[in-house]
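The values are calculated or read from the model by the stated rules, or taken from the named source; none is laboratory data. These figures come from a predicted structure and were not determined experimentally. Cβ placement follows ideal geometry from the backbone for every residue including glycine, while neighbour counts extend to all protein chains displayed.
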Number of protein chains: 2
Amino acid sequence: MLMAATRNHRWLVADDTSASNLKSSSIDPKLEQATIAFGQPNAEQLLSLRNLRWIHLTSAGYTAYDREDLRSHLRSLETRLTTSSAVYAEPCAQHVLGMMMAFARQLPYAHQTQMTERDWPAAKRREESFLLNGQTVLLCGYGEIAKRLVELLAPFRMKLIGARRNPTGKESIPIIPIQQIDTYLPMADHVINLLPANDSTVGFFDALRLGRLRSDAYFYNIGRGATVDQSALSGHLYAGRIAGAYLDVMTPEPLPPNDFLWNAPNCFLTPHTAGGFRGEMIRLVEHFLENLSRFAHEQPLRNQVI
Amino acid sequence: MLMAATRNHRWLVADDTSASNLKSSSIDPKLEQATIAFGQPNAEQLLSLRNLRWIHLTSAGYTAYDREDLRSHLRSLETRLTTSSAVYAEPCAQHVLGMMMAFARQLPYAHQTQMTERDWPAAKRREESFLLNGQTVLLCGYGEIAKRLVELLAPFRMKLIGARRNPTGKESIPIIPIQQIDTYLPMADHVINLLPANDSTVGFFDALRLGRLRSDAYFYNIGRGATVDQSALSGHLYAGRIAGAYLDVMTPEPLPPNDFLWNAPNCFLTPHTAGGFRGEMIRLVEHFLENLSRFAHEQPLRNQVI
């Protein structure tokens, strides 16, 4: 599909294609001849390249490329950097909703019962189940995933608050500057961490900040593992100071089998699958081709970050 | 709350209040003096009562009352029967959505991993995850739960088809007469059984009908256990002839620990909790009081079935 749609272009295929689109590829001399890079080119190597006009990443995040030296290098050459965040907004938003519904309907607890004693605690589970309606959600990070999640949550009539670095005033829900988040954390029934990993977000959810969550609040992470102090989170869960946590991203990944989080009370983990779905590769290619057409016609690119 | 709002009425409290609102109460002589019954009065006893003007059930279903002798008795006296289905539409619809999202995002499988080997099958799980968008849902039964589920599913842009005994033509999605369901079963990615239990629905999903589901389809039951041939379902699951099942209702309940369903592949059970939520009792009372006010003002009652 990719080859067929780009017959007018010359293709250079990297020798070492990374198995994960979360890891940079290694340095590849072929990249020196390219004008467009599609994948996860090595960030260090990009600093020395002058022919690239456009880099399209196959990931939603761009942590490895989010550094000042690379930003200024690319800007000086007018080289653009785009991501595939449009591809991942839908599965990630559905993943978060799935996690929220799992807690609301107590599904993991029923599953634990099924895998162990097979009893029938109907009355207890019914009392512990809750409706999302009217509850408050704090979205930490307000990009494509958050926007789609807002649409999915619309029928539940929840109170939605977004937090981002630079509110535009044009968002469809109330937005606070992320610097004010400490004031809003105690209001939330659901705190959803969608933050990317960069210098300003590493360890963002530290012990103090997690301490501002209510004891009946749920914490979710589908941003990046590095933005959460996991031992603090683990401590909060073991002490029952929050109601539960559902994490799709952790540090490190894979999470070692002896990590406390695996067994922390009311803590549920998915192995960095929030963005995954049948047909993911085809959608990645479609998204690239759409941007390629925009690039060829000198139209604004989608998901441009630099 | 109930007493305060009904100070003008005389209250008779049943001696034997059933622990479950799925079971009829036993015969109670006090009922002979009542003009309104709120709860689960004994259906046999109702046949001999002539003073009752209105019966308000605390359940969404009314299986025990859905019999011709009682229908004609109540009709001849102009006694009305209402249910609490408005109370249960929201939690039940959310429960189904939670089950659908759990399959789509492969959450129970991640949980199994967490409870056992603690490995990290990210690539496999990502490929097995899927988006709900564009998939087809067949709603078997089209009452309050189905209508609310249609609202919750709206942002996913799925293809929704409802099946009911008597389509009105005024439904918000395409509706087929339930007699034609066999034609539509092979089209569905998700078959959602919302049928009540009555003479015409017992064993509705038998081996033949379940055999019409596609091998990549999911089956859900939050109607009543009796509408499904569980050994047939179990057989289909063990043989991998359907992708999975999520059941909230079973026969019998509690499901005995040695039942095959507990361990059937891709089969997940919740202990009849779909309608449960914090505040359920308060909502039941509110719903009754709303109908009581309508009753007093001779307005049409909500959720009237007889």
Check your understanding: What's the number of the condition A:Arg209 fails, among (1) charged (D, E, K, R); (2) touching a residue at least 24 places away in the same chain (Cβ under 8 Å); (3) part of a loop (DSSP other than H, G, I, E, B)?
Key -> (3)
**Study point:** Number of positions in the stretch B:87-117 that are touching a His at 6+ places or on another chain (Cβ under 7 Å), more than 17 Å from A:Trp262 (Cα to Cα) and either surrounded by fewer than 24 Cβ atoms within 10 Å (Cβ to Cβ) or touching a residue at least 60 places away in the same chain (Cβ under 8 Å) (or both)
**Key:** 2
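Rundown of residues vs (1) in contact with a Gly (Cβ under 7 Å, 6 or more places away or on another chain); (2) more than 13 Å from every other protein chain (Cβ to nearest Cβ), yes/no style:
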residue: B:Arg53; (1), (2): no, yes
residue: B:Thr63; (1), (2): no, yes
residue: B:Cys92; (1), (2): yes, no
residue: B:Met100; (1), (2): no, no
residue: B:His111; (1), (2): no, no
residue: B:Ala123; (1), (2): no, no
Practice item. Within the stretch A:284-306, work out how many residues are on the phi < 0 side of the Ramachandran plot and within 17 Å of the chain's Cα centre (by Cα). Key: 3
Point to revise | Among residues of the stretch B:224-255, those that are in contact with a helix residue (DSSP H, G or I) (Cβ under 9 Å, 6 or more places away or on another chain) and either among the polar types (S, T, N, Q) or in a loop (DSSP other than H, G, I, E, B) (or both), counted | key: 16
Exercise for review: Determine, yes or no, whether B:Gly39 is on the phi > 0 side of the Ramachandran plot and not aliphatic (A, V, I, L, M).
Suggested key: yes
Review point. Taking A:Ser72, is it in contact (Cβ under 8 Å) with a residue 40 or more places away in the chain and either away from chain B (no Cβ under 14 Å) or of a type in the set (A, V, I, L, M, F, W, C) (or both)?
Key: no
Point to revise | Condition broken by A:Gln179, with the remaining ones in (1) out of contact with any strand residue (DSSP E or B) (no Cβ under 8 Å at 6 or more places or on another chain); (2) within 12 Å of another protein chain (Cβ to nearest Cβ) satisfied | key: (2)
**Study point:** Given (1) more than 14 Å from chain B (Cβ to nearest Cβ); (2) farther than 23 Å from A:Glu90 by Cβ, index of the condition A:Val137 fails
**Key:** (2)
Point to revise | Selection from the stretch A:55-94 of residues that are among the aliphatic types (A, V, I, L, M), closer than 17 Å to A:Ser25 by Cα and under 11 Å from the mean Cα position of the chain (by Cα) | key: A:Ala60
**Study point:** Which numbered condition B:Cys267 misses (of (1) within 14 Å of chain A (Cβ to nearest Cβ); (2) in contact with a Gly (Cβ under 6 Å, 6 or more places away or on another chain))
**Key:** (2)
Point to revise | Identity of the residue in the stretch B:142-176, outside any loop (DSSP other than H, G, I, E, B) and either small (Gly, Ala, Ser) or surrounded by fewer than 18 Cβ atoms within 10 Å (Cβ to Cβ) (or both), that ends up nearest to the other protein chains (Cβ to nearest Cβ) | key: B:Glu151
Check your understanding: For residues in the stretch A:198-216 being farther than 16 Å from A:Ser234 by Cβ and buried (at least 20 other Cβ atoms within 10 Å of the Cβ), which is modelled with the highest pLDDT?
Key -> A:Phe204
Exercise for review: Spot the failing condition for A:Asn51; the list is (1) free of Cβ contacts under 8 Å to residues at least 24 places away in the same chain; (2) farther than 28 Å from A:Val202 by Cβ; (3) part of a helix (DSSP H, G or I), and only one is missed.
Suggested key: (3)
Check your understanding: Picking from A:Leu233, A:Leu195, which residue would you name as being under 21 Å from A:Glu144 (Cβ atoms) and assigned by TED's automatic domain parsing to the domain that holds A:Gln112?
Key -> A:Leu195
Study note, to complete from the structure: Of (1) among the basic types (Lys, Arg); (2) touching a helix residue (DSSP H, G or I) at 6+ places or on another chain (Cβ under 8 Å); (3) assigned to a helix (DSSP H, G or I), A:Arg294 fails just (2)
Exercise for review: Give the number of residues within the stretch B:59-68 that are surrounded by 20 or more Cβ atoms within 10 Å (Cβ to Cβ) and in a loop (DSSP other than H, G, I, E, B).
Suggested key: 4
Check your understanding: Which residue, of A:Ala37, A:Ala4, A:Ala14, is touching a strand residue (DSSP E or B) at 6+ places or on another chain (Cβ under 7 Å) and outside any loop (DSSP other than H, G, I, E, B)?
Key -> A:Ala37
**Study point:** Residue under evaluation B:Phe219, criteria (1) under 23 Å from the mean Cα position of the chain (by Cα); (2) more than 14 Å from every other protein chain (Cβ to nearest Cβ); (3) part of a helix (DSSP H, G or I), criterion not met
**Key:** (3)
Exercise for review: Kindly check whether there is at least one residue in the stretch B:177-185 that is part of a loop (DSSP other than H, G, I, E, B) and not polar (S, T, N, Q).
Suggested key: no
Review point. Out of curiosity, is A:Arg118 at the interface with chain B (Cβ under 9 Å from one of its Cβ atoms) and of a type in the set (Lys, Arg)?
Key: yes
